[in-house]
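The values are calculated or read from the model by the stated rules, or taken from the named source; none is laboratory data. All values reported here derive from a predicted model rather than from experimental measurement. Neighbour counts are summed over all protein chains in view; Cβ atoms, including those assigned to glycine, are modelled from backbone coordinates with ideal geometry.
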Amino acid sequence: MEKTLDTKFTYTEKKDTRSGFGDGFLEVGRKNPDVVGLCADLIGSLKMGAFQKEFPDRFFQVGIAEANMMGVAAGLTIGGKIPYTGTFANFSTGRVYDQIRQSIAYSGKNVKICASHAGLTLGEDGATHQILEDVGMMRMLPHMTVINPCDYNQTKAATIAIADYEGPVYLRFGRPKWPIFTPANQKFEIGKAWKMIDGKDVSIFATGHLVWEAVVAEALLREEGIQAEVINLHTIKPLDTEAILDSVAKTGCAVTAEEHQLNGGMGDSVAQTLVRNHPAPLEMVGVNDSFGESGKPEDLLEKYGLNAANIVKAVKRVLARK
């Protein structure tokens with residue numbers, strides 16, 4: 001469906017965002033000798049093997065001991081190192097929340113928490129491994145920056161950019177092959193939203209994998225004469241409130257789309273911004289207070305309403321409320 005539509009962005013290949021992390025991690029390691037890696041027994045899944053091979057003295061395999069990994073990473077920052085930790089998003093947050101809060105966020109340690117296999121698109125591993133609460137958990141922590149890029153290229157760019165950012169960062173990415181539709185040479189600006197498509201009727205704020213679904217939704221809506229503005233909120237904290245308010249001041253209504261619980265996610269952040277500054281109709285696309293289940297990523301996205309068709313439905317609902 002995507003390739004027959006007149007989308008404003010196109011793609012020629014698909015690649016998993018975790019590979020964008022792995023390639024970016026190797027590149028930033030070559031640029032900055034202070035960058036070090038830690039992994040909790042998932043080197044292959046996190047695509048950290050190339051860094052480990054090239055910089056064996058700067059890589060630490062801590063085993064299935066994620067809490068210890070966070071403590072070690074916090075300690076390494078005291079010596080001026082820039083540690084990148086790697087494991088699944090579920091184990092990067094839920095399993096080690098106390099260690100992140102006490103040892104990293106509280107004192108603003110310069111740790112980069114790199115979390116793969118986030119959301120429903122982890123797929124067949126099922127609900128115990130699919131975390132849909134991680135953005136909420138991380139964005140509530142003082143000092144924590146939360147980043148959720150949309151494709152391979154943006155994940156690679158974000159992985160490189162966070163090395164120069166002082167302070168703790170939660171970088172979220174995924175497992176499935178996904179369209180590559182953003183430029184390879186992009187400059188990633190932390191905290192700066194990217195207006196991908198200009199429109200006047202409705203603002204669509206999307207993050208992560210659902211940015212592509214928003215691009216597809218925009219094409220579907222355009223066929224019906226609806227002009228949607230698509231904004232990529234790759235940084236959920238700090239949130240680009242100026243971009244949100246400028247867009248909604250023009251369109252008068254908004255839809256948010258994310259691979260996360262409705263409670264506590266990016267949509268909640270946008271809603272708070274609008275309530276405090278510019279009240280406007282808002283609809284949210286996300287998981288509605290539910291755990292996931294085992295299945296193919298595309299089937300799960302369809303079942304839980306996280307695709308272009310459901311973004312289109314949300315747009316029509318919110319337009320009816322203008």
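Based on this model, can you work out whether residue 100 counts as modelled with pLDDT of 95 or more, over 14 Å from the mean Cα position of the chain (by Cα) and surrounded by 24 or more Cβ atoms within 10 Å (Cβ to Cβ)? Against the criterion (modelled with pLDDT of 95 or more, over 14 Å from the mean Cα position of the chain (by Cα) and surrounded by 24 or more Cβ atoms within 10 Å (Cβ to Cβ)), residue 100 qualifies.
Restricting attention to the range 193-239, the residues that are more than 14 Å from the chain's Cα centre (by Cα) and outside any helix (DSSP H, G or I) total 17. Residue 143 meets each of the listed conditions (1) surrounded by fewer than 24 Cβ atoms within 10 Å (Cβ to Cβ); (2) touching a strand residue (DSSP E or B) at 6+ places or on another chain (Cβ under 8 Å); (3) not hydrophobic (A, V, I, L, M, F, W, C) apart from (2). So is residue 67 closer than 24 Å to residue 156 by Cα, in a helix (DSSP H, G or I) and touching a helix residue (DSSP H, G or I) at 6+ places or on another chain (Cβ under 6 Å) or not? Here the answer is no, as residue 67 does not meet what is asked. Going through (1) of a type in the set (Ser, Thr, Tyr); (2) within 30 Å of residue 185 (Cα to Cα); (3) modelled with pLDDT under 95 one by one, residue 165 falls short only on (3).
Being crowded, with 22+ Cβ neighbours inside 10 Å, at pLDDT 95 or above and outside the structural domain of residue 117 (by TED's automatic domain parsing) is the requirement here; does residue 260 meet it?
Numbers: crowded, with 22+ Cβ neighbours inside 10 Å: yes; at pLDDT 95 or above: yes; outside the structural domain of residue 117 (by TED's automatic domain parsing): yes.
When the stated conditions are applied, residue 260 passes them.
Filtering the range 114-122 for residues that are outside any helix (DSSP H, G or I), of a type in the set (Ser, Thr, Tyr) and under 15 Å from residue 207 (Cβ atoms) leaves an empty set. Evaluating residue 22 against the criteria (1) assigned to a loop (DSSP other than H, G, I, E, B); (2) under 17 Å from residue 163 (Cβ atoms) leaves one unmet condition, (1).
The set of residues from the range 295-315 being loosely packed, with under 15 Cβ neighbours inside 10 Å and either assigned to a loop (DSSP other than H, G, I, E, B) or not assigned by TED's automatic domain parsing to the domain that holds residue 254 (or both) comprises just one member, 296. The residue that is surrounded by the fewest Cβ atoms within 10 Å (Cβ to Cβ), among those in the range 36-69 that are among the polar types (S, T, N, Q) and under 18 Å from residue 116 (Cα atoms), is 61.
Can you say whether residue 270 is under 16 Å from the mean Cα position of the chain (by Cα), among the hydrophobic types (A, V, I, L, M, F, W, C) and assigned to a helix (DSSP H, G or I), as far as the supplied structure shows? Against the criterion (under 16 Å from the mean Cα position of the chain (by Cα), among the hydrophobic types (A, V, I, L, M, F, W, C) and assigned to a helix (DSSP H, G or I)), residue 270 qualifies. The single condition from (1) at negative phi; (2) at pLDDT 95 or above that residue 122 fails is (2). Looking only at residues in the range 105-140 that are surrounded by fewer than 24 Cβ atoms within 10 Å (Cβ to Cβ) and basic (Lys, Arg), which one is farthest from residue 81 (Cα to Cα)? So, considering only residues that are surrounded by fewer than 24 Cβ atoms within 10 Å (Cβ to Cβ) and basic (Lys, Arg), the one farthest from residue 81 (Cα to Cα) is 139. Among the residues of the range 198-239, those that are of a type in the set (D, E, K, R) and either surrounded by fewer than 24 Cβ atoms within 10 Å (Cβ to Cβ) or at pLDDT below 95 (or both) comprise 198, 200, 201, 222, 223, 224, 229, 237. Screening residue 190 on (1) in contact with a Ser or Thr (Cβ under 7 Å, 6 or more places away or on another chain); (2) surrounded by 20 or more Cβ atoms within 10 Å (Cβ to Cβ); (3) among the aliphatic types (A, V, I, L, M) shows it passes everything except condition (2).
Looking only at residues in the range 148-166 that are hydrophobic (A, V, I, L, M, F, W, C) and within 14 Å of the chain's Cα centre (by Cα), the one that is surrounded by the fewest Cβ atoms within 10 Å (Cβ to Cβ) is 157. Of 248, 285, 275, all but one fail to be farther than 30 Å from residue 16 by Cβ, modelled with pLDDT of 95 or more, crowded, with 23+ Cβ neighbours inside 10 Å and not assigned by TED's automatic domain parsing to the domain that holds residue 137; the exception is 248.
Looking for whichever is outside any helix (DSSP H, G or I) and surrounded by 20 or more Cβ atoms within 10 Å (Cβ to Cβ) here; the options are 83, 33. Which one fits?
Details: 33 fails: surrounded by 20 or more Cβ atoms within 10 Å (Cβ to Cβ).
Just a single option satisfies the conditions, and that option is 83.
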